[in-house]
1. Need the failing condition index for Lys3 against (1) more than 25 Å from Val73 (Cα to Cα); (2) in contact with a helix residue (DSSP H, G or I) (Cβ under 8 Å, 6 or more places away or on another chain); (3) at pLDDT below 95, just the number.
2. Would you pick out the residues in the range 33-52 that are assigned to a helix (DSSP H, G or I) and under 17 Å from Ser66 (Cα atoms)?
3. Being open to solvent by less than 60 Å² (accessible area, probe 1.4 Å) and charged (D, E, K, R) narrows it down to one residue among Glu40, Glu5, Glu51, Glu12; which is it?
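The values are calculated or read from the model by the stated rules, or taken from the named source; none is laboratory data. None of the values given here were measured: they were computed from a predicted structure. All Cβ positions, glycine included, derive from the backbone under ideal geometry; neighbour counts span all protein chains shown. Note: accessible area is taken over every heavy atom of the protein model, side chains too, but ligands, DNA and RNA are not part of it. Shrake-Rupley method; radii C 1.70, N 1.55, O 1.52, S 1.80 Å.
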Amino acid sequence: MNKKEIAQAVAERLVLSPSLVEGIVDAVHEEIVEAMARGERVTFWNFGRWELKTTAARNKVCFTASPNLVAAVEDAMKTL
């Protein structure tokens, strides 16, 4: 699923325009990037967290899924 498909699905679920939702997705992305650039960890409760791990060789963006997200995906897979 790509950004446009996610925006379309969320727009349908919330009865909003896809372009509005895509703008919101872009804004959330920008905020995550800027927070991580400042060295902050970004956490979405029940979703996961992003953090920047820095070594002498490179910077690495890491995402850790929350246990609730993992459980929700596993439950959703059972219904497919």
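1. Against the list (1) more than 25 Å from Val73 (Cα to Cα); (2) in contact with a helix residue (DSSP H, G or I) (Cβ under 8 Å, 6 or more places away or on another chain); (3) at pLDDT below 95, Lys3 comes up short only on (1).
2. Of everything in the range 33-52, nothing turns out to be assigned to a helix (DSSP H, G or I) and under 17 Å from Ser66 (Cα atoms).
3. Selected residue: Glu51, the only one of Glu40, Glu5, Glu51, Glu12 that is open to solvent by less than 60 Å² (accessible area, probe 1.4 Å) and charged (D, E, K, R).
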